[in-house]
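Shown next, in C-alpha cells, is the structure this report addresses.
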Amino acid sequence: MIVRKTKNSLGIAILGLMLFFTALFLIVFLARIFHMGYDVLSWEFISSPPREAMTAGGIYPAIIGTFWLTVVSIAVALPLGILTAIYLVSYGKPRWFVQIVKIAINTLAGVPSIIYGLFGMAIFVNLMKMDVSLLAGSLTLAVLALPVIINAAEEAMRGVPHEFREASLALGATERQTILRVILPTAFPNILTGTIISIGRVAGETAPIMFTAATFYSRRLPQSPFDEVMALPYHIYALMTEGTHAAKQVPIAYGTALVLMFLVLSISAIAIAIRYKIRKTRKW
Amino acid sequence: MISYKDKLFKGITYVASLFVIVFLFGIIYSIFREGLPLFNVVSIKEFLTSTEWYPTHAEPEFGIYTLLLGSFYVTLGALLIAIPLGLGSAIFISEVASPKLREIAKPVIELLASIPSVVYGLFGMAFLAPLLREWLDLQTGLNIFSSSIILGMMVVPIIASMSEDAISTVPKSLREASFALGATKWETITRVVLPAAKSGIIGSVLLGFGRAIGETMVVLMVSGGSAQIPKSIFDSVRPMTSTIAAEMGETVIGDLHYQSLFAISIVLFIITFITNLITELVFLKRSSR
Amino acid sequence: MVKEQIKTENLNLWFGSNHVLKDVNLTIYEKKITAMIGPSGCGKSTLLRCFNRMNDLIDSTKIKGQVLLHDEDIYAPSAQVTQIRTRIGMVFQKPNPFPKSIYNNVAYGLAIQGKHSKHEISQRVEQSLKDAWLWDEVKDRLHESAFSLSGGQQQRLCIARALANNPEVLLLDEPTSALDPQSTAKIEELCVNLKNQVTILIVTHNIAQAGRISDYTAFMYLGELVEFGPSDQLFTVPKDSRTEAYLTGAFG
C-alpha cells in the first residue's frame, strides 16, 4: 500500500514538473522577448523606415508589408474556404469527390511551409511572371491558409444543429436559401474565430514569403501589388543573418519580434475570447 | 428560375472545392517538375546516400545524407523534449489540475501555438545559443542540442493541446470505475486513461513530428548549418529545410543546384506525406470506434 | 360532406434495404384532424415525412407508389419540392426556432419566396402569430431572439412560422412530446381551433391525445397501416385485434 501511495505521489509530482518546465521555458522566452524588445520600442520605431542599412531607424514598411500580405491572402482564401466548406457540408456528393477533396485538404495542411515557398516561387513568381511581389507572396500564403480556413468553416457549419436545416427546408426553402439564410449566419461567429486564428498564422510565416514576396531592405512602401515588400517575420530573420553590425541589429530584431508577437497574439486572443463568449451565450 | 440560381450556387461551391485539389497538384507538379531533372545527372541512390554536399563546387556533389541525418537528429531531439513535456503537461492539466488552472491553461497553450517560428529562432540564436556556449564551453551554441530545445518547445503546445483533447474525451465513467476498484490516481491515469486516449496521443506525436521535420526558421537560425555527420549533440548540422532556405537565393533558375534543392523538397514532401497518411489512419481508427 | 386532401396509393418506402412502409393506402380528409398512432418504430413519423418529401434528405431512401395532393402526384418528376413544402407545412418534435428574432422566424417562409412586399409580410406575420395564439405574448418584443421564449411558446412560434406560408396541410410530428402538460393542453386546443383553416395530420405516441383532438385515426404497426377510421369508432370498437391490443396497452 505504501509503495502504491509513493508511486502515486511520485508520478503526479513528475507530471507537475513537466508542466512546470514548460511554463518556465515559456516565461523565460516571453520575458526575454518583452524585455529586450521593450528597450527599442518607441513611436519612431513603429512609424519610420529603417536607416543606415538596417542598423537604425524603424520597421514601418515591414508592418505595412505584413498587413497587406495578410489582408490580401485572407481575402483570397476566405471566400474559397467558405465555399468549399459549403460544398462539403451541404452538398457532399458524389462521395468519392468529397473524399478526394478531404484528402487534399489534409495533405495540404501537412505540407511544410518551405515547400509552399518553393511552390509559390515556381508557379507564381516564375511561371506566371509575377516576380517577387506582394501578390505572389499573398497568393502563396492564401494557399497555405486555405486548409485551415476550410477546416474551421466546415467544423463551424457542422456545428449548426440539423433541426435548423430541416425547419428551413420544411418551409419550402431551397438548399441555397437554407445555407445563405440559416446555416452561414448561425455558423458565422465560429467561422470568424477560425479565420482569425489563420490570420495569426499567416502574419507570422516566414519561409513561404522568402522567395515570393519579401525583401531585406526597403525604405519605401509598396506602391502596387507587383512590388516586393518588407515583412515583419522576414525582417527578424534578415536582421539576424545579414549585415555586419550584429550589436546594432539584434536589438532591432527583438523589437520587431515584440511587435510581431503583439500583433499575432492579440489577434489570436481576440479569436479565443470570441469563441469563449459564443460557448457561454449559445442557446442551442 | 429558383432552380437556376440554385444550380449556379452549387456549381460555384463545386468549382471552389476543386481549388484545393488544383493547389495540391500544383505543389506536387512544381516540385517534381523542378526537382526531377537532377536525377538525369545524379542517381537517386547517390543523392540519398552520399555524404558529399558541395552544390557550388566546380565539380558539384549532391549527396543529402548529412542533411537527412541533420533533419532526423534535430527532430528526434525535439520530440524527446516535447513528448514528455507536452504529454505530461496535458495529463496534469486534465487529470490533476483544478478546474480554474485548466480554464487558464488551455487557452494559454493555444495562444502559444500561434507564436511565429521566427521568434523562436531569434530566441535560440540570440539568447540560448550564446548562453549554452558559455556554460558548456562549446565551440558554437548553434547545434543539435540547442535547436532541439527550441524546436521541442515549439512542438510542446501542439502535442499538449491535442493530447489534452484526446484525454478529456475519455468518459468520466471509466475513471470512476477505476477509482471504485481502489486504484490510485496514478494507476488510473497509466492503466485506464492513457490506454483509452492512446490513438489521439499517438496522433498528436505524429503531428508534432511532421511539424518539427518540416519547420524551417528555427533550424535555419539555430542548427549551425554545417553539412557534416555529427559526432555529438553539440555539433552543428544542416537539416533539409534550412538547406533549401539558405541556398535558394544563390541559385540560378534551372541550374543543377536549383534542381537539387527542389529534389530535397521532394524528399521532404514524401516524408511529411507518409507521416500525414499514418496520422490519418490513426485518427480514422479513432473516429470509427 | 368531406373532401379528400391527401391520398396515398400503395406507398412503399425503404431506407437502404430496410422496408419501412409497406403498401400504405391512406386518405386524409380536408379540414379535419387525423392522428397517426402506433408503437415506436412503426413508421408513423416516416409516413408523415413522406407528405412533404422530407425523407428526400436521407440518401438511401427509395419510394414506390404515389402520394396525391388533391390529384397531383407530389413525387412526379415535374413536382417542385419547395412548392410542395410551402403548401404542406411541418412542425417538429422538438421546437426548432431559428437563431433569429421572433419576427424573422415567422417571416422566413415568405421572405425566401421573394415576392411579397414588406407590408404584406408584416401583416402575415401578425396574422400567423394571432392564429397560433402567440400574438398577445410577443407583440411587444417581436425583435427579441426566439430563444427568449419558453418551450411551449417556441413550439407555437414554429406553428405560426408554418402557418405564415398559408399551407393547405399542417404536419405535426409529436409536437408536444418535449413540452409540459400545460403547454401541451394549449397546443391541443389550438389544433382543434386551427382545423377551420387547415388540414392537420398529427403523429403522437399519446393515445389519449389522439382521442381528445382527432377526427380520424390511423393505427400503424411494423410499417403497415393496420386500421383507419373515424376516431370515435376506432377507439371504441377497433376492428383489428392488433389495434385493440395497442389501445389496451398490450404493447408499445
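Taken together, the values in this text are just the output of simple stated rules run on the coordinates, not laboratory data. As the structure is a computational prediction, the values presented were derived from the model and not from experiment. Cβ: placed from backbone, ideal geometry, glycine included. Neighbour counts: every protein chain shown.
Of note:
- Derived scalar couplings between HN and Hα for segment A:232-248 equal 4, x, 5, 4, 4, 4, 4, 4, 7, 10, 10, x, 10, 10, 3, 4, 8 Hz in order, rounded to whole Hz, by the Karplus curve 6.51 cos²θ - 1.76 cosθ + 1.60 (θ = phi - 60°), x for Gly and Pro.
- Calculated [222 nm] ellipticity per residue, helices only, for chain C: -10000 deg cm²/dmol; basis is -39500 (n - 2.57) per DSSP H run with n ≥ 4, divided by all residues, nearest 500.
- Between segment C:204-252 and segment A:87-151, the alpha-carbon center distance in angstrom: 60
- Between helix C:118-131 and chain C: long-axis angle, C-alpha atoms, 0 to 90°, nearest 10: 50
- Nearest-0.05 FRET efficiency for C:LYS118 and B:SER3, computed from C-beta distance (R0 35 Å): 0.85
- The longest stretch of chain A left intact once loop-based trypsin sites (Lys or Arg not before Pro) with at most 12 other Cβ atoms within 10 Å are removed from consideration, loops following DSSP, is A:1-128.
- Placing +1 on the Cβ of every Lys and Arg and -1 on the Cβ of every Asp and Glu, with nothing else charged, gives segment C:4-247 a dipole about its Cα centre of roughly 520 debye.
- Local electrostatic count at A:VAL125 - Lys and Arg +1, Asp and Glu -1, tallied over other residues with Cβ under 14 Å: -3
- Membrane-span-like helices in chain B, defined here as complete DSSP H runs extending at least 15 Å along the helix axis by their C-alpha atoms with mean Kyte-Doolittle hydropathy no lower than 0.5, are B:2-35, B:65-91, B:144-168, B:198-214, B:256-288; this is a sequence and geometry rule, not a statement about a membrane.
- Net charge in the neighbourhood of A:ALA213 (other residues with Cβ under 12 Å of its Cβ; Lys, Arg +1, Asp, Glu -1) is -4.
- Panel order for C:LYS44, C:LYS139, C:LYS100, by other beta carbons found within 10 Å of each beta carbon, from fewest to most: C:LYS139, C:LYS100, C:LYS44.
- Dipole of segment B:120-278 [Lys/Arg +1, Asp/Glu -1 at C-beta], most positive-end residue of B:LEU142, B:GLY182, B:MET153: B:GLY182
- Between the listed residues B:ALA97, A:THR244, A:PHE119, the Cα displaced farthest toward the positive end of the dipole of the protein assembly as shown, a dipole computed from Cβ unit charges relative to the Cα centre, is found at B:ALA97.
- Cβ charges +1 (Lys, Arg) and -1 (Asp, Glu), total dipole of segment A:60-231, debye: 160
- Under the simplified labelling scheme, the B:GLU176-A:ARG158 pair shows an inter-label distance of 2.8 nm, with each label point 7 Å from Cα along Cα→Cβ.
- Under 14 Å from a label point set 7 Å out along the Cα-to-Cβ vector of A:MET1, the amide N atoms of segment B:168-186 belong to B:182-184.
- Cut-off under 5 Å, modelled amide H: who pairs with C:LYS31 long-range: C:THR199, C:ILE200
- Ranking A:SER266, A:LEU144, A:THR215 by Cα position along the charge dipole of segment A:131-284, where only Lys, Arg, Asp and Glu carry charges on their C-beta atoms, puts A:SER266 farthest toward the positive end.
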